[in-house]
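The values are calculated or read from the model by the stated rules, or taken from the named source; none is laboratory data. Given the structure is predicted, the values throughout are model-derived calculations rather than measurements. Here the Cβ positions follow ideal geometry from the backbone for every residue, glycine too, while neighbour counts run over all protein chains shown. The accessibility values were calculated without ligands, DNA or RNA, using every heavy atom of the protein model including side chains. Shrake-Rupley method; radii C 1.70, N 1.55, O 1.52, S 1.80 Å.
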Amino acid sequence: MDKPKLFLASCVSLVTTAMVFAIRGDIATAMAAAFHLTNEQLGLIFSPAFWAFTIAIFISGALVDVLGMRRLHILSAVGYVVGVLLVILAPRPAGPIR
């Protein structure tokens with residue numbers, strides 16, 4: 001086991017996770033203004049991310065036995081990086097959606 005590489009992969013995963021949550025928090029006010037959303041509606045929109053995280057912990061526990069921690073950790077890091085890139089590279093809306 002290469003402990004320095006595992007530590008680096010863990011740090012990358014934590015940073016990308018933090019970036020995803022920071023971006024969501026940063027765009028919440030703009031989304032609320034653009035789509036005339038209440039705080040309750042924003043909570044409903046963002047809550048699946050928290051449920052998905054919780055469910056993923058239970059599922060990944062079984063996947064660790066099948067795939068191994070290394071593969072699962074790499075898959076997680078790639079998923080978070082792709083998620084951040086999709087949000088950053090998403091096109092701006094041309095106008096209000098009706």
Q: Kindly provide the set of residues from the stretch 71-94 that are under 23 Å from residue 7 (Cα atoms) and touching a residue at least 60 places away in the same chain (Cβ under 8 Å), ordered by number.
A: 73, 74, 76, 77, 80, 81, 83, 84
Q) Scanning for something open to solvent by 60 Å² or more (accessible area, probe 1.4 Å), in contact with a helix residue (DSSP H, G or I) (Cβ under 8 Å, 6 or more places away or on another chain) and assigned to a loop (DSSP other than H, G, I, E, B), does the stretch 71-94 turn up at least one residue? A) yes
Q) Does residue 7 satisfy the condition of being more than 15 Å from the chain's Cα centre (by Cα) and of a type in the set (A, V, I, L, M, F, W, C)? A) yes
**Q.** Failed item in (1) among the small types (Gly, Ala, Ser); (2) open to solvent by less than 40 Å² (accessible area, probe 1.4 Å); (3) part of a loop (DSSP other than H, G, I, E, B), with residue 60 passing the rest
**A.** (3)
Q) Within the set of pairs 6 or more residues apart or between chains, which connect a residue that is over 16 Å from residue 20 (Cβ atoms) inside the stretch 44-66 to a residue that is of a type in the set (S, T, N, Q) with Cβ atoms less than 9 Å apart? A) 60/76
(Q) Pairs please, first residue from the stretch 1-27 and assigned to a helix (DSSP H, G or I), second anywhere and among the small types (Gly, Ala, Ser) and exposed (fewer than 14 other Cβ atoms within 10 Å of the Cβ), Cβ atoms under 8 Å, 6+ apart in sequence or on different chains. (A) 20/49; 21/49; 24/49
